[in-house]
């Protein structure tokens with residue numbers, strides 16, 4: 001498939017935003033449950049606002065993918081059958097819940113709704129809980145858009161869903177680590193430890209899908225595509241001289257060297273280097289944390305680019321030679 | 001239930017592209033249009049087409065055959081492009097099984113094109129909506145047209161009658177009979193999309209001609225002697241025969 005840059009930015013930006021909110025919200029619960037030592041200063045509202053901004057940026061990027069962005073509201077209609085439609089509902093829901101969480105905290109009109117034992121559940125905590133549900137739904141919908149296309153065998157796997165979830169969370173927790181260092185508040189150890197664990201898990205899961213995709217063989221051949229059962233078939237005309245939508249939308253023109261370098265590049269930049277940096281950083285290493293966030297985000301952009309390159313569309317068998 | 005479809009005979013298609021040009025002509029000026037072109041008279045012309053003819057060479061020289069392969073939307077009975085559409089712009093008509101796009105609802109997200117294994121859909125560069133073969137739905141029910149013209153224009157224009165149009169759920173239709181009797185098949189059956197359009201394979205039609213068929217071996221005029229001949233002076237029974 002040809003990489004769609006708007007979609008690359010959409011999925012990476014919202015992934016980081018989703019992960020960032022999960023990081024801060026989960027830390028609050030762990031503190032409330034006494035599983036994590038309380039730290040002075042609470043920047044959950046700031047994190048929620050940043051998460052909202054990242055998801056908004058993703059949403060804006062997604063509009064560049066559409067031929068008719070002014071009709072985008074219609075995309076919520078077919079949620080019964082279309083994962084894309086479900087994503088169109090889940091993304092604004094997650095954004096709204098996260099924004100409400102931030103506004104309640106910034107506005108200072110939080111109050112206790114009920115309490116679970118010793119844990120007090122406030123209005124913002126409830127909004128955040130809805131946000132978490134929406135974020136999990138959003139991860140699933142975003143990944144299922146790709147994983148549900150059974151013809152694109154490289155995408156049609158549960159690993160796609162796992163990858164989106166783990167990579168989004170990893171980039172979010174790395175960003176949370178940077179925020180904890182920058183604000184000198186928040187559970188740095190928890191964020192950094194989780195970022196390491198998630199980055200490691202994401203790299204293993206991505207390596208698993210890379211090795212799965214290397215072994216895939218498409219059941220579609222030129223023989224089944226045109227129904228002529230002869231081992232030797234050669235295309236001599238594809239019906240168009242200057243290319244067509246079929247040659248522009250489903251094929252990329254990058255050579256094998258570029259593709260190989262991109263694969264090595266994202267394995268280094270999205271996983272290995274951030275992992276090493278996260279292992280050596282401490283509460284004071286602002287620059288290193290910043291580099292880790294930047295490297296990981298750039299690496300994930302390349303990863304998502306490669307995700308498209310890797311997928312082989314069956315229609316390409318009809319377009320092997322112009323004339 | 002009706003399922004209108006095309007049956008394309010690869011045995012008779014000569015690759016003249018009459019279906020391609022007539023499709024473009026009808027649909028660019030009809031309700032599915034415009035089908036815009038970029039650089040139409042330049043070196044690299046490209047544009048929107050609902051139907052194209054591809055050519056394949058099968059076998060190794062000198063034992064080769066040239067197969068011309070017209071390719072358009074197959075109006076699948078289980079179309080993968082329809083459920084993925086987020087707006088409901090892509091739909092399959094229950095009454096006749098034609099898969100259509102509502103241009104007023106389409107947001108141009110291309111997700112349906114990703115979901116079609118045949119590459120039958122394309123974005124129109126001017127209107128920015130997804131377009132595809134409509135099976136000339138604007139001809140099929142048009143009562144201002146003479147009844148013989150209420151067919152897809154590619155079928156009418158084919159000079160070798162390689163395109164058959166009909167209801168493949170009606171076992172008596174010309175299309176169903178062609179599928180049954182000439183070994184009609186579907187493209188990429190491995191994906192389970194059940195394309196409604198079928199293709200008829202290349203087939204050798206041979207008749208055995210024996211010597212006897214060309215020249216009667218029991219020709220009485222050759223085998224027997226001349227018949228009895230009456231004297232030319234005598235009147236014959238029918239007044240004319242004289243042999």
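Based on C-alpha coordinates, I'd like the Rg and Dmax of chain A, in Å.
That works out to 22.2, 76 Å for Rg and Dmax.
Over region B:1-91, one equal point on each Cα, no solvent: what is log10 I(q)/I(0) by the Debye formula at q = 0.12 Å⁻¹?
Per q value, in the given order, log10 I(q)/I(0) is -0.57.
So what is the 222 nm mean residue ellipticity for chain A from helices alone, if each DSSP H run of at least 4 adds -39500 (n - 2.57) and you divide by all residues, rounding to the nearest 500 deg cm²/dmol?
Values: 11 runs with 206 residues, N = 323.
Result for chain A, helices only: -21500 deg cm²/dmol.
So, R0 is 25 Å and r is the distance between the beta-carbons of residue A:136 and residue A:185; what FRET efficiency does that work out to, to 0.05? Before the final figure, lay out each step's value.
Numbers: r = 26 Å, r/R0 = 1.06.
Result of the calculation: an efficiency of 0.40.
Taking 8 Å as the Cα distance limit and 6 or more residues as the minimum spacing, I'd like the relative contact order of region B:49-203 as a percentage. Can you show the working numbers first?
Numbers: 235 pairs, mean separation 29.4, N = 155.
After rounding, I find 19 percent.
Which of B:9, A:282 comes first, and how do the rest follow, when ranked by fewest Cβ neighbours within 10 Å? Present the calculation step by step, with values, prior to reporting the outcome.
Values: B:9 22, A:282 11.
If I rank by nearby Cβ atoms, fewest first, I get A:282, B:9.
Rounded, prolate or oblate: which one fits region B:90-206, using the alpha carbon gyration tensor with axes a ≥ b ≥ c (rounded when a/c is under 1.5, else prolate when a/b beats b/c, else oblate)? Don't skip to the answer; put the middle values down first.
On the way: a/c = 2.01, a/b = 1.36, b/c = 1.47.
Oblate, since a/c reaches 1.5 and b/c is not below a/b.
To check you understand DSSP bridge types, tell me what percent of the beta bridges within the protein assembly as shown (both residues inside) are antiparallel, rounded to 5. Please report the intermediate quantities before stating the final value.
Working: 31 of 34 bridges.
Expressed as a percentage, antiparallel bridges in the protein assembly as shown total about 90.
What does the convex hull of the Cα atoms of region A:93-170 come to per residue, in Å³, rounded to a whole number? Write down the numbers at each step before the final one.
Working: hull volume 8.5 nm³, N = 78.
Hull volume normalised by residue count: 109 Å³.
Quick one, can you get me the convex hull of the C-alpha atoms of the protein assembly as shown expressed as volume per residue in Å³?
Details: hull volume 129.8 nm³, N = 566.
About 229 Å³ per residue, rounded to a whole number.
Which angle between 0 and 90 degrees, to the nearest 10, do you get for helix B:18-29 versus the longest principal axis of chain B when only C-alpha atoms count?
Tilt of helix B:18-29: around 40 degrees.
Angle between the Cα long axis of helix A:44-63 and the longest principal axis of chain A, 0 to 90 degrees, nearest 10?
20 degrees
Taking the Cα centroid of region B:198-217 and of region B:110-188, what is the distance between the two, rounded to the nearest whole Å?
32 Å
What is the spin-label model distance, in nm, from residue A:230 to residue A:118 if the labels are put 7 Å beyond Cα along the C-beta direction?
8.1 nm
Enter the Cα centre distance for the pair region A:178-236 and region A:270-304, rounded to the nearest angstrom.
With region A:178-236 and region A:270-304 each reduced to a Cα centre, they are spaced 19 Å.
For region A:142-196, just say rounded, prolate or oblate: build the C-alpha gyration tensor, square-root its eigenvalues into a ≥ b ≥ c, call rounded for a/c under 1.5, and beyond that prolate if a/b exceeds b/c, oblate if not.
Values: a/c = 5.64, a/b = 3.85, b/c = 1.46.
Judged from the Cα gyration tensor, region A:142-196 comes out prolate (a/c at least 1.5, a/b above b/c).
Kindly give the semi-axes, whole Å and largest first, of the ellipsoid equivalent to region A:189-262, taking each as the square root of 5 times a Cα gyration tensor eigenvalue. Could the numbers behind the result be given before it?
Values: eigenvalues 331, 62, 23 Å².
Values for region A:189-262, descending: 41, 18, 11 Å.
Using a Gaussian network model of chain A whose springs link C-alpha atoms within less than 10 Å, name the residue from A:219, A:40, A:231 with the highest mean-square fluctuation.
It is A:231.
Just to be sure I understand: with springs between alpha-carbon atoms less than 10 Å apart, which residue in B:96, B:124, B:104 has the highest mean-square fluctuation in the Gaussian network model of chain B?
Highest fluctuation among the options: B:104.
Within 10 Å of each Cβ in peptide A:79-90, how many partner chain Cβ atoms are there on average? Round it to a whole number, please.
Details: counts 1, 2, 6, 11, 4, 10, 7, 1, 1, 4, 1, 0.
Other-chain Cβ atoms within 10 Å of each residue's Cβ, averaged: 4.
Please compute the Kirkwood hydrodynamic radius over region A:78-134, one decimal place, Å, based on all pairs of different Cα atoms.
Values: mean 1/r = 0.0803 Å⁻¹.
This gives a value of 12.5 Å.
For region A:24-122, what percent of Cα pairs sit more than 23 Å apart? If you can, show how the numbers build up before the last one.
Details: 2100 of 4851 pairs.
When every Cα pair of region A:24-122 is considered, 43 percent fall beyond 23 Å.
Please work out whether chain B counts as rounded, prolate or oblate from its C-alpha gyration tensor, where a ≥ b ≥ c are the square roots of the eigenvalues and a/c under 1.5 means rounded, while otherwise a/b larger than b/c means prolate and anything else oblate?
On the way: a/c = 2.83, a/b = 2.57, b/c = 1.10.
Prolate shape, in that a/c is at least 1.5 and a/b is the bigger ratio.
At a 10 Å Cβ-Cβ cut-off, how would you order A:167, A:55, fewest neighbours first? Each step should come with its number before you reach the end.
Details: A:167 31, A:55 27.
Least to most surrounded, the residues fall as A:55, A:167.
Test of understanding: ordering A:101, B:69, A:109 by Cβ neighbours within 10 Å, fewest first, what list do you get? Walk me through the intermediate numbers first.
On the way: A:101 31, B:69 24, A:109 10.
Lowest to highest Cβ neighbour count: A:109, B:69, A:101.
Could you check the spin-label model distance between residue B:211 and residue A:268? Points 7 Å from the Cα along Cα→Cβ, value in nm.
Distance between label points: 8.3 nm.
Hey, what angle do you get for helix A:5-32 against the long axis of chain A, alpha-carbon based, 0 to 90 degrees rounded to 10?
Value to nearest ten degrees: 30.
I want to check the label-to-label distance for residue A:280 and residue B:161. Put each point 7 Å from Cα in the C-beta direction and report it in nm to one decimal.
If labels sit at residue A:280 and residue B:161, their model points lie 8.0 nm apart.
Go ahead and set up a Gaussian network model of chain A, Cα springs under 10 Å, then flag whichever of A:185, A:102, A:237 fluctuates most.
Among A:185, A:102, A:237, the largest GNM mean-square fluctuation belongs to A:237.
Each reported figure results from applying straightforward, stated rules to the coordinates on display, with no laboratory input. These numbers come from a predicted model, not from an experiment. FYI the Cβ positions are ideal-geometry reconstructions off the backbone, even for glycines, and counts take in every protein chain you see.
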